[in-house]
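What follows is calculated from the coordinates using simple rules that are stated; it is not laboratory data. This structure is a prediction, so every number in the text was calculated from the model and none was measured. Glycine gets a Cβ as well: all are built from the backbone with ideal geometry, and neighbour counts include every protein chain shown.
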Amino acid sequence: MPKPAGRAIAPPKGKLGVMLVGLGAVSTTFIAGVENVRRGGGLPIGSLTQMGTIRLGKRTDRRSPKIKDFVPLAGVADLVFAAWDPIPDDAYTAARKAGVLEPHHLEPIGAFLKGIKPLPAAFDQNYVKRLHGTNVKRAKTKRELAEQLRADIRHFKQTGGVDRVVMIWAASTEVFLTPGPAHQSVAALEQAMECNDPAIAPSMLYAYAALMEDVPFANGAPNLTVDIPALERLAEERKLTIGGKDFKTGQTMMKTVLAPAFKARMLGLAGWYSTNILGNRDGEVLDDPESFKTKEESKLGVLEYILQPDQYPELYGNVFHKVRINYYPPRGDNKEGWDNIDIFGWLGYPMQIKVDFLCRDSILAAPIVLDLALFFDLAQRARLSGIQEWLSFYFKSPQTAPGLYPEHDLFIQQTKLKNTLRWLMGEEQITHLGIEYYEQA
Ligand SMILES: NC(=O)c1ccc[n+]([C@@H]2O[C@H](COP(=O)([O-])OP(=O)(O)OC[C@H]3O[C@@H](n4cnc5c(N)ncnc54)[C@H](O)[C@@H]3O)[C@@H](O)[C@H]2O)c1
């Protein structure tokens, strides 16, 4: 068979700027982690781009390069950081307050972290009730705020020594919003920004500013943000990559591994009770019912799509699914996520599974931020515009084209991601059929 063509990809020359919205626990753990990796102070564990391999060709070919050697990704040495935050702490102070990384990972890079000072944020307390910020932009209209963000991006491009920029939302979860008339077209969005329509959340201003400055945008929180027709269209028109929502890290990652296993074995599910205790600032923000509602929607969606109750009413037609997040300061960033899962088997006999995941939220999120920065930059250089569904692997609530349901199964997502990389590089897709090994024999 002739080799597939592959895709023209511009080489990753020069520096890649990563503009982070929010300089809290996730962002500082990501930045400090990258700097430690660059100085040989630790391994980028959890990062598929840095640690993962990809099988090419037949199993007997024994070709499994590292992903970073297979696709032309920017290197970690080439990343340059900038951030916005309404809290004026520099990255060192913010990392110390977040309490995720220990002094031996922060002190040797103290001067580097102190050099990353947050730009004033486009912040509005109506959208994150539990935060009080002083480092904020002032403007008469939301449109003006977006213009100020655009100026920040241009300034970073000019002074940061960067050739390309990606933007990632790693800021607090905003209150729950549903798509409305203001979100349906670019003209309606711009008009709504002019007249300070409450339907326009700060996160939309960042996404709009990014797209107007030719910067790809990824959304790590469950906010609506770029998941609206207006910004999807803007990304298409301007040939830019976008995607979200909500980093898939702890409890939901486990859910999207376990639920497909039950379905694969045709085991029934009666109920799934998930609760969390969490003591960081994210936990405090999520203690507000309106921000929690945004998170709850994102966490609840996965079972419905994986289990397909319409197709399997006897197994999944009556699932009781509950998700709670409880703010509990003593634990800080070290979240505990409990799951009680009531399943049933042969003739309906009930069984239970308990999962108690003592995780570290930002330790799980940081490598996802790295991979998204590198893959969004790759996608942009490959001229893949609009929603990047192949990066669903990283999101709790993946954005899809209108009319498509999201794929949540972690291993289908992984297969899709790797097949996309093979396709980009002109390698055969791996179907897992494997009959040729036996027919030849
Ligand atoms: N850690 C995880 O496992 C995980 C998983 C999925 C999603 N997330 C999401 O990632 C986000 C960041 O989490 P975190 O633990 O770093 O939270 P955090 O509270 O430590 O940091 C968020 C930062 O965003 C800032 N912020 C709020 N509104 C802003 C705005 N309009 N502009 C700029 N900055 C703003 C806050 O001041 C804060 O410093 C949260 O929305 C969280 O829900 C985290």
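If you take just the helices (runs of 4 or more DSSP H) that sit entirely in region 1-73, which of them hold at least 1 residues that are farther than 24 Å from residue 162 by Cα and either within 16 Å of the ligand (Cβ to nearest atom) or free of Cβ contacts under 8 Å to residues at least 24 places away in the same chain (or both)?
Working: elements: 25-38, 48-51, 67-70.
Fully inside region 1-73 and qualifying: 25-38, 48-51.
Identify, from the list 5, 91, 98, 32, the residue that is small (Gly, Ala, Ser) and loosely packed, with under 13 Cβ neighbours inside 10 Å.
Working: 91 fails: loosely packed, with under 13 Cβ neighbours inside 10 Å; 98 fails: loosely packed, with under 13 Cβ neighbours inside 10 Å; 32 fails: loosely packed, with under 13 Cβ neighbours inside 10 Å.
Selected residue: 5, the only one of 5, 91, 98, 32 that is small (Gly, Ala, Ser) and loosely packed, with under 13 Cβ neighbours inside 10 Å.
When you go through 275, 256 one by one, which is the residue that is surrounded by fewer than 18 Cβ atoms within 10 Å (Cβ to Cβ), polar (S, T, N, Q) and more than 30 Å from residue 192 (Cα to Cα)?
Step by step, each of 275, 256 is checked, and only 275 is surrounded by fewer than 18 Cβ atoms within 10 Å (Cβ to Cβ), polar (S, T, N, Q) and more than 30 Å from residue 192 (Cα to Cα).
With the requirement that a residue be surrounded by 17 or more Cβ atoms within 10 Å (Cβ to Cβ) and either at positive phi or in a helix (DSSP H, G or I) (or both), what does region 424-436 give you? Lay out the reasoning, then the answer.
Our first condition is that a residue be surrounded by 17 or more Cβ atoms within 10 Å (Cβ to Cβ); within region 424-436, this holds for 424-425, 427, 430.
Listed by number, the list holds a single entry, 424.
Take residue 364 and decide whether it is in contact (Cβ under 8 Å) with a residue 60 or more places away in the chain, closer than 25 Å to residue 282 by Cα and surrounded by fewer than 24 Cβ atoms within 10 Å (Cβ to Cβ). I'd like the intermediate steps shown before the answer.
Values: in contact (Cβ under 8 Å) with a residue 60 or more places away in the chain: yes; closer than 25 Å to residue 282 by Cα: yes; surrounded by fewer than 24 Cβ atoms within 10 Å (Cβ to Cβ): yes.
Answer is yes for this residue.
Condition first: within 26 Å of residue 186 (Cα to Cα) and part of a helix (DSSP H, G or I). Now tell me which residues in region 227-262 satisfy that.
229, 230, 231, 232, 233, 234, 235, 236, 237
So is residue 268 surrounded by 20 or more Cβ atoms within 10 Å (Cβ to Cβ), over 25 Å from the mean Cα position of the chain (by Cα) and small (Gly, Ala, Ser) or not? Reasoning before the result, please.
Working: surrounded by 20 or more Cβ atoms within 10 Å (Cβ to Cβ): yes; over 25 Å from the mean Cα position of the chain (by Cα): yes; small (Gly, Ala, Ser): yes.
Considered against the rule, which asks whether it is surrounded by 20 or more Cβ atoms within 10 Å (Cβ to Cβ), over 25 Å from the mean Cα position of the chain (by Cα) and small (Gly, Ala, Ser), residue 268 comes out as yes.
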